[in-house]
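The values are calculated or read from the model by the stated rules, or taken from the named source; none is laboratory data. All of these numbers come straight from a predicted model, not from anything done at the bench. Positions of Cβ are backbone-derived with ideal geometry, glycine not excepted, and every protein chain shown enters the neighbour counts. Side chains included, ligands, DNA and RNA excluded: accessible areas come from the protein's heavy atoms. Shrake-Rupley method; radii C 1.70, N 1.55, O 1.52, S 1.80 Å.
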Amino acid sequence: KILLCAVPQLGEHGMLPWDVHWAETRFLFECLTQQDAVVVLSLHPKSDPAAYQPLADEFGALIAQRRAYELIPACDVFVATFSGTVMAAIGCGVPTVVIDFYGLNYSYFDNEPGIMIVNQHADLAPILERLFNDQEYYAQVALAQQTRGPEWILLDGLCTRRITDELYQLMAGVS
């Protein structure tokens, strides 16, 4: 099984002091790697892979060379903060854990049955354990994501055509 994590970039964005960011990252990597899964870390473009590599090595996690949205369709569970990548996970039917230990409290995904929002550190490991060890629960969450996917993302192979049509319509209105 593959657990993909879009690593929070709260230090990079100045939302947390660096020492707190690294402590939070250590906690996260430790929880993720306790599961019976290959843990793949997707770093934000603002993140320096060399800075994260020692911690990834310490916990046996892999740093991806590709962006999260490219890897989401291949993973079994996705972990992220509030991010557009969560929409991609919903669209792909991938059970997703949104971590919000930082009090952001966005309501984007509050009513999504395939999204588990975790506000307390102590709740993360049990939720991950249930997703990886309770097949019936995992199937229920995955089905919820698959059911809601079309509400969040359209995967019909016609995106380029729709964009091109829109551009032609916009250009037709220009004299």
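Key figures for this structure:
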read-out: Two-site FRET efficiency, GLN65 against THR33, from Cβ-Cβ distance with R₀ of 22 Å, rounded to 0.05; value: 0.70
read-out: Relative packing of peptides 104-114, 4-14 - highest average C-beta neighbours within 10 Å first; value: 4-14, 104-114
read-out: Ratio Rg/Rh [Cα only; Rh per Kirkwood] for the chain; value: 1.03
read-out: Dipole in debye (nearest 20) - region 67-132, about Cα centre, beta carbon charges: Lys, Arg +1; Asp, Glu -1; value: 100
read-out: Integer Hz, Karplus 6.51/-1.76/1.60 couplings in order for region 142-151, x for Gly and Pro; value: 4, 5, 4, 5, 4, 5, 8, x, x, 6
read-out: Estimated [θ] at 222 nm from DSSP helical runs (n ≥ 4, -39500 (n - 2.57)) normalised by residues in the chain, nearest 500; value: -15000 deg cm²/dmol
read-out: Stretchable slack from ALA122 to VAL174, in nm (0.36 nm times residue separation minus alpha-carbon distance); value: 13.0 nm
read-out: Under 5 Å, built H, 5+ apart or other chain: amide partners of HIS44; value: VAL7
read-out: Relative contact order [Cα under 8 Å, 6+ residues apart], the chain, whole percent; value: 20
read-out: Charge sum, other residues only, whose C-beta stays under 14 Å from GLN135's C-beta, Lys/Arg counted +1 and Asp/Glu -1; value: -3
read-out: Alpha carbon centroid spacing (whole Å) that separates region 120-158 from region 57-94; value: 12
read-out: Ellipsoid equivalent to region 1-84 - semi-axes via the Cα gyration tensor, in Å; value: 19, 15, 11
read-out: For the chain: accessible area per residue (Å², 1.4 Å); value: 56
read-out: Relative packing of peptides 62-69, 163-170, 82-89 - highest average C-beta neighbours within 10 Å first; value: 82-89, 62-69, 163-170
read-out: 0 to 90° range, to nearest 10: angle between helix 18-32 axis and the chain longest Cα axis; value: 90
read-out: Nearest-20 debye value, the chain charge dipole, Cβ charges on Lys, Arg, Asp, Glu; value: 440
